[in-house]
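To keep things clear, I will list the structure first and then write my remarks on it.
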Amino acid sequence: MNACSLQIDQLSLGYRTQSGQVLPVVRAVSLTLGAGETLGLVGESGCGKSTLGMALLGHLRSGNALLGGRVLVGGADVFQLERGALARLRGQQVAFVPQNASQALTPTMRLGAQATEALTLHLGMDLVAAQRQVLDLFERLRLPQAAALLRRYPHELSGGQQQRVVLAMALVRRPAWLILDEPTTGLDVITQAHVLQLLQTITREQGTGMLYISHDLEVVAQVSARVAVMYAGELVEVAPVAMLFADPNHPYTSGLLAALPHVSGQRLPAPIPGQPPALHEISPTCAFAPRCSFVTRQCHAHAPPLGPSAGPLGLAEPLLPGTVPAASIHLVRCHHAQHVATVRSSARANGAGPPALPPSSQTATHEPLLVLHEVRVSYARPSLIERVRRIPAAPATVDNLSLVVHRGETLALVGESGSGKTTLLRAIAGLKAVEAGRMSFGATDLMRSVDQRPHEVRRAIQIVFQNPDASLNPRQTIAQILAQPLRLYFGLTSARCRERAGALLERVRLAPYYLERFPGQLSGGEKQRVAIARAFAAEPELVLCDEVISALDVSVQSAVLELLNALQAEQRVAYLFITHNLAVVRAIADRVAVLYHGRLCEVGPVAGLAEPPWHPYTATLLGATGVLAAATRPMLARDRADPAPPARGCPFQRRCPHHLGPICDEESPPWQELVTGRRICCHLKL
Amino acid sequence: MLGLLFLAVHLLLAALSPLVVPYDPVAFAGGAAFAPPSAAHLFGTDNLGRDVFTRTLLGGRVALLITLAGIGLAVAWGGLLGMVLGLVGGWLDEALMRLVDAMLAIPETIFLLLIAGIVGTDHVVLILALGFLYGVGVIRIARTATLTLVAQDFVLAARARGEHQHTIVLRELLPNVLDMLLVEGALRWSWMLLAFSALSFLGFGVAPPTPDWGVMIAQNRSTFGIAPWATLFPSAAIGSLIIGINLFVGVLAKAIGLDRVDGITV
């Protein structure tokens with residue numbers, strides 16, 4: 001391990017378009033990191049974070065060009081290195097962990113061979129020693145059956161495990177610097193909490209420096225000492241974590257912080273209006289000015305410099321060129337930084353800010369709309385031999401699930417990936433057949449398949465999918481997309497369809513000229529708005545929302561939540577809102593149901609979630625979301641893969657920190673009702 | 001744009017050539033056989049002393065007409081059946097696709113010769129035979145494209161709305177498969193042209209005195225040493241048409257808005 005500093009000096013990177021134009025991606029970024037320092041790099045997508053991260057390894061993606069500046073690792077400019085020296089740099093000094101682990105691993109190579117390759121190749125270690133080191137790290141990262149894992153192929157692992165393997169591959173070389181590009185974005189909250197914790201421990205031990213790239217300020221705050229906020233290719237604010245959270249000086253940072261939904265918060269998160277500029281739209285003066293509420297004429301006339309903040313901890317005298325900024329300096333790029341800081345602190349003192357969240361939707365009623373009674377959905381299809389020999393079928397994906405959605409309310413369904421949330425949603429939509437149990441909607445029984453349901457029921461139940469890229473037909477214009485439900489349910493003529501489509505766009509706050517566009521020309525948040533408009537075109541009574549904001553940027557997420565709330569108030573629609581994020585639940589839901597392996601653990605009003613007791617699984621989820629103080633955070637008793645629900649007893653038995661004994665393994669836990677109206681399914685005495 | 005030019009010239013000539021050709025294509029042109037290119041006979045004359053220029057200009061008419069009708073038929077039925085099979089799946093899909101596999105294992109020319117031998121070489125028969133045969137390959141392409149689409153949420157969304165199968169095929173699937181079908185169709189058109197020329201060459205396509213590139217090559221290939229022009233010019237005509245079609249495919253993809261859909265502004 002060779003500790004060394006990392007210095008980025010006036011680095012400018014560009015993207016060369018097909019017409020030969022060079023557009024700026026990273027603009028004169030300067031950062032100095034001492035050996036072992038941890039820095040979080042934050043910003044919305046398209047702000048140049050990943051391009052900057054790759055450049056630290058001396059790598060430019062195709063189309064990217066170095067326009068100026070240097071990156072010095074231990075004093076050597078990475079862009080001047082010879083082939084061999086560059087390979088040594090990447091092998092020994094700077095390691096990169098990409099966002100998508102499944103694509104980072106070679107599918108046809110055993111994990112052992114992949115992980116030891118770097119050690120044998122770069123450090124000349126012999127295979128046995130290399131394997132011992134990899135194994136050691138696998139165990140420390142709490143990968144199950146580490147020894148057997150060496151002989152496995154990547155596809156045999158879950159996403160969380162793959163990510164840990166990639167992390168182990170980077171750490172095993174004991175690099176001086178670790179560049180992580182959104183390494184936990186694809187993981188669910190519990191696995192993410194684990195990975196972040198381990199990452200912190202191991203890097204601290206090894207003295208590894210970290211550059212952690214993410215769009216999620218909360219995650220960054222957990223692992224890094226300093227944070228740099230990037231916007232349109234520039235650094236707009238650099239400060240120690242605590243200082244940045246307490247006293248953000250740049251309007252963009254302040255906006256990012258306000259956009260975070262928070263479980264304990266009583267306020268609706270506030271979106272940042274607009275979206276980051278496209279590369280050819282970046283203004284030469286202040287790039288954030290078009291979205292800024294503090295904008296003045298000065299902002300359009302002069303580019304603000306990156307200077308020390310005016311706050312109490314900023315520097316009084318200007319920085320001399322060439323001096324190394326110390327780790328505690330607060331830098332900001334804004335003409336009105338001081339003003340922003342004072343407005344914010346006085347707003348906090350007055351308790352103003354984004355609108356206070358109503359205790360629950362005013363539209364919520366107690367009239368049942370959707371009733372599920374002991375519903376079972378299964379993907380297992382026993383083969384002929386299994387049926388003949390009477391081998392018991394695998395436990396169903398969703399089992400014994402009873403749930404009521406009331407007219408006009410929002411019920412959040414929470415659970416990790418693979419907990420059967422989406423399966424249940426598809427069953428309700430009639431896309432996946434229910435095996436047992438009953439579903440009714442209003443006064444009518446819900447048929448198993450959408451084809452058998454009456455027209456009226458089909459119209460009343462609508463779905464909004466997770467990924468708007470996939471749920472909108474790329475070859476249809478927005479007008480055509482919105483016309484389909486209108487034509488189907490109301491038999492409107494083309495002219496009337498167009499008229500209504502325009503009105504629908506207005507309701508989701510999109511301008512009428514979007515009608516002629518294709519989905520590919522819209523941003524993620526805009527596409528999701530169109531998908532929501534399509535659902536509301538049917539004038540539904542129940543909208544099934546499948547992780548509708550998890551594919552969107554933080555700054556856009558809150559705007560979509562706000563839109564859903566507003567539409568609900570207008571139309572008294574009920575939402576069944578699926579999410580893995582408890583923080584989002586607080587901002588939108590009236591009641592919450594927690595699902596583990598397709599079995600309910602807990603149901604009740606959202607307000608009650610703030611206080612114990614919880615179901616052990618709910619407590620784990622809350623802990624992973626960062627709501628509970630770190631000391632009281634319960635961790636999973638056994639961090640092992642739990643791929644299939646158990647045949648008997650409590651679904652959470654294998655990972656429960658409060659496991660009581662045989663009773664949990666054998667008997668289904670009883671439902672216990674609390675005074676707050678919450679119901680918990682557990683053997684524990686609450 | 002070059003492709004469009006080639007294609008436009010070919011189609012224009014096919015349409016207008018009867019009005020402009022200098023000689024009767026089937027009669028002796030008054031000069032000697034095997035005369036080299038000259039001012040009177042731009043492309044020379046063939047083994048029977050007919051004007052090669054005239055015959056080359058006219059020689060694409062029948063082939064173009066038959067193959068255009070044939071490829072239209074092939075893309076229409078192959079594409080539609082492929083999309084339907086990809087959408088409904090199940091045993092019908094399984095059974096028909098195995099049949100398609102079996103069909104694709106037999107060389108097309110043999111099939112065509114078989115049909116021509118049994119039913120005859122009437123133009124309508126040829127169009128139906130070519131359309132049927134080349135549509136089999138299109139089924140596979142359309143079905144594969146559809147399979148990746150039906151797994152996507154927008155098709156799921158349409159099913160959840162309760163749309164009819166034909167609405168899903170025509171509104172959701174077709175716009176996404178259309179570009180591939182057009183490109184595939186244009187490509188297969190060039191293959192079909194070659195196959196048709198081969199049929200003529202073998203004597204099953206266009207009957208002799210009618211000018212046709214395949215027939216011209218067949219009749220003059222034995223005398224290539226004496227009069228290469230009689231073979232080279234019709235060959236060049238076929239070649240330029242095929243190249244034109246292939247270049248045109250690229251222009252086509254752009255014109256139907258592939259670039260717009262992908263969000264790239266040109």
Inter-residue pairs, beta-carbon under 6 Å, first in a loop (DSSP other than H, G, I, E, B) and in the stretch B:196-210, second surrounded by fewer than 18 Cβ atoms within 10 Å (Cβ to Cβ) and of a type in the set (A, V, I, L, M, F, W, C), 6+ apart: B:209/B:26
Could you check the stretch B:12-41 and list, in sequence order, the residues that are polar (S, T, N, Q) and in contact (Cβ under 8 Å) with a residue 40 or more places away in the chain? B:17
The conditions are (1) modelled with pLDDT under 85; (2) in contact with a Pro (Cβ under 8 Å, 6 or more places away or on another chain), and residue B:204 fails exactly one of them. Which is it? (2)
Search the stretch B:57-84 for residues being of a type in the set (A, V, I, L, M) and in contact with a Ser or Thr (Cβ under 8 Å, 6 or more places away or on another chain), and hand back the single one that is nearest to residue B:153 (Cα to Cα). B:83
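Has the stretch A:380-401 got at least one residue that is in contact with a strand residue (DSSP E or B) (Cβ under 6 Å, 6 or more places away or on another chain), surrounded by 15 or more Cβ atoms within 10 Å (Cβ to Cβ), modelled with pLDDT of 70 or more and in a loop (DSSP other than H, G, I, E, B)? So that I can check it myself, show each step before the final result.
Going through the stretch A:380-401, the residues in contact with a strand residue (DSSP E or B) (Cβ under 6 Å, 6 or more places away or on another chain) turn out to be A:396-401.
Still in the list and also surrounded by 15 or more Cβ atoms within 10 Å (Cβ to Cβ): A:396-401.
Restricting the remaining residues to those that are modelled with pLDDT of 70 or more gives A:396-401.
Those still in the list that are in a loop (DSSP other than H, G, I, E, B) too: A:396-397.
Yes, some residue in the stretch A:380-401 is in contact with a strand residue (DSSP E or B) (Cβ under 6 Å, 6 or more places away or on another chain), surrounded by 15 or more Cβ atoms within 10 Å (Cβ to Cβ), modelled with pLDDT of 70 or more and in a loop (DSSP other than H, G, I, E, B).
Rundown of residues vs (1) within 11 Å of chain A (Cβ to nearest Cβ); (2) within 23 Å of the chain's Cα centre (by Cα), yes/no style:
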position	(1), (2)
B:164	yes, no
B:168	yes, no
B:175	yes, yes
B:183	no, yes
B:192	no, yes
B:200	no, yes
B:205	no, yes
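When the residues of the stretch B:92-147 are narrowed to those that are of a type in the set (Asp, Glu) and either within 20 Å of residue B:203 (Cβ to Cβ) or surrounded by fewer than 16 Cβ atoms within 10 Å (Cβ to Cβ) (or both), which ends up nearest to the chain's Cα centre (by Cα)?
Applying the first criterion (of a type in the set (Asp, Glu)) to the stretch B:92-147 yields B:93-94, B:101, B:108, B:122.
Now narrow it down to the ones that are either within 20 Å of residue B:203 (Cβ to Cβ) or surrounded by fewer than 16 Cβ atoms within 10 Å (Cβ to Cβ) (or both): B:94, B:101, B:108, B:122.
Numbers: B:94: 29, B:101: 22, B:108: 14, B:122: 18 Å.
Checking each candidate, the answer is B:108.
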Hits in the stretch A:463-516 (condition: in contact (Cβ under 8 Å) with a residue 40 or more places away in the chain, away from chain B (no Cβ under 14 Å) and within 20 Å of residue A:551 (Cβ to Cβ)): A:508, A:509
Mind telling me which of the residues A:208, A:185 ends up being among the polar types (S, T, N, Q) and either surrounded by 24 or more Cβ atoms within 10 Å (Cβ to Cβ) or in contact with a Pro (Cβ under 9 Å, 6 or more places away or on another chain) (or both)? A:208
Among (1) in contact (Cβ under 8 Å) with a residue 12 or more places away in the chain; (2) assigned to a helix (DSSP H, G or I), which single condition is residue B:49 missing? (2)
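Name the residues in the stretch A:447-462 that are in a loop (DSSP other than H, G, I, E, B) and within 8 Å of chain B (Cβ to nearest Cβ), would you?
Kept after step one, since they are in a loop (DSSP other than H, G, I, E, B), are these residues of the stretch A:447-462: A:447-449, A:453-454.
A:453 - this is the single residue of the stretch A:447-462 that is in a loop (DSSP other than H, G, I, E, B) and within 8 Å of chain B (Cβ to nearest Cβ).
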Would you call residue A:147 surrounded by fewer than 22 Cβ atoms within 10 Å (Cβ to Cβ) and touching a helix residue (DSSP H, G or I) at 6+ places or on another chain (Cβ under 8 Å)? yes
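I'd like to check something: does the stretch B:57-72 contain any residue that is outside any helix (DSSP H, G or I) and under 30 Å from residue B:8 (Cα atoms)?
Residues of the stretch B:57-72 outside any helix (DSSP H, G or I): B:59-60.
From the residues that got through so far, the ones that are under 30 Å from residue B:8 (Cα atoms) too are B:59-60.
Taking every residue of the stretch B:57-72 in turn, at least one turns out to be outside any helix (DSSP H, G or I) and under 30 Å from residue B:8 (Cα atoms).
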List the pairs whose first member sits in the stretch A:410-437 and is within 12 Å of residue A:378 (Cβ to Cβ), whose second member is at pLDDT below 85, and whose Cβ atoms are under 8 Å apart, counting only residues at least 6 apart or on separate chains? A:420/A:397; A:423/A:379; A:423/A:397; A:433/A:448; A:434/A:448; A:435/A:378; A:435/A:396
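Which of the residues belonging to the stretch A:32-51 are touching a residue at least 60 places away in the same chain (Cβ under 8 Å) and either in contact with a Leu (Cβ under 7 Å, 6 or more places away or on another chain) or acidic (Asp, Glu) (or both)? Outline the logic, then answer.
Filtering the stretch A:32-51 for residues touching a residue at least 60 places away in the same chain (Cβ under 8 Å) gives A:32-50.
Within the stretch A:32-51, A:33, A:37, A:39, A:41, A:42, A:44, A:49 qualify.
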Can you name every residue in the stretch A:620-646 that is modelled with pLDDT of 80 or more and surrounded by fewer than 21 Cβ atoms within 10 Å (Cβ to Cβ)? A:646
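The values are calculated or read from the model by the stated rules, or taken from the named source; none is laboratory data. Computed from a predicted model, the values in this text were never measured in an experiment. Positions of Cβ are generated from backbone atoms using ideal geometry, with glycine treated the same way; all protein chains shown enter the neighbour counts.
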